[in-house]
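Notes to accompany the following structure.
The values are calculated or read from the model by the stated rules, or taken from the named source; none is laboratory data. All figures in this text were calculated on a predicted structure; none of them were measured in a lab. Cβ atoms come from the backbone with ideal geometry, glycine included; neighbour counts cover every protein chain shown.
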Amino acid sequence: MASKTNACRILDQLRIPYALHEYEWDEEQLDAVTVAAKVGLPPEQLFKTLVLRGDKTGILMACIPGDKELHLKSLATASGNKKIEMVPVKEIQSLTGYIRGGVSPLGSKKKYPLFLDRSAVHLHPISISAGRRGLQIFMKGTDLEVAAEAKLADLAQ
């Protein structure tokens, strides 16, 4: 059995049910569509977590379906920013404690605002990174919204 991550501990503390799914990963195939296939879900049920910087609010996170792209203008509007940009990969670990391919919307070393694509609340299960490569959490989309204190918005295109 996989060892518990910070994301798992948060869910345990909140008494939110989830299941862990381990998979074989490699550096060249960390994209959400590949991971979804490895854990047996359609890509729209595997949510990827992106780390961004807003011109007014600073660091924030967005969680969107794996088969979609983030609509930056929608996130800017939802978060009260005029401009949003992706954080360079080399900064992700120092900001969140996570590495590319293992960024979870739960349990980062600092609590950043999380914006969750509205489609998540209609899905069960959704899959999110457990906070390390090769480990996914399956849970209800509504439970992720609660656990992450996420703000819902139409973010994906």
(request) Would you check which residues across segment 15-57 are within 12 Å of R133 (Cβ to Cβ), in contact with a strand residue (DSSP E or B) (Cβ under 8 Å, 6 or more places away or on another chain) and either modelled with pLDDT of 95 or more or among the aliphatic types (A, V, I, L, M) (or both) and list them? (result) V35
(request) Looking only at segment 107-122, count how many residues are of a type outside the set (D, E, K, R) and surrounded by 20 or more Cβ atoms within 10 Å (Cβ to Cβ). (result) 6
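Residues are listed down the side, and each one gets a yes or a no for (1) in contact with a Cys (Cβ under 7 Å, 6 or more places away or on another chain); (2) at pLDDT 95 or above; (3) among the acidic types (D, E):
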{"position": "I99", "(1), (2), (3)": "no, no, no"}
{"position": "G102", "(1), (2), (3)": "no, no, no"}
{"position": "G107", "(1), (2), (3)": "no, no, no"}
{"position": "K111", "(1), (2), (3)": "no, no, no"}
{"position": "L114", "(1), (2), (3)": "yes, yes, no"}
{"position": "D117", "(1), (2), (3)": "yes, yes, yes"}
{"position": "H124", "(1), (2), (3)": "no, no, no"}
{"position": "G131", "(1), (2), (3)": "no, no, no"}
{"position": "G134", "(1), (2), (3)": "no, no, no"}
(message) Looking only at segment 85-106, filter to residues that are touching a Ser or Thr at 6+ places or on another chain (Cβ under 9 Å) and outside any loop (DSSP other than H, G, I, E, B); which one of those is surrounded by the most Cβ atoms within 10 Å (Cβ to Cβ)?
(response) T96
(request) Kindly provide the set of residues from segment 5-17 that are more than 15 Å from the chain's Cα centre (by Cα) and surrounded by 15 or more Cβ atoms within 10 Å (Cβ to Cβ), ordered by number. (result) I16
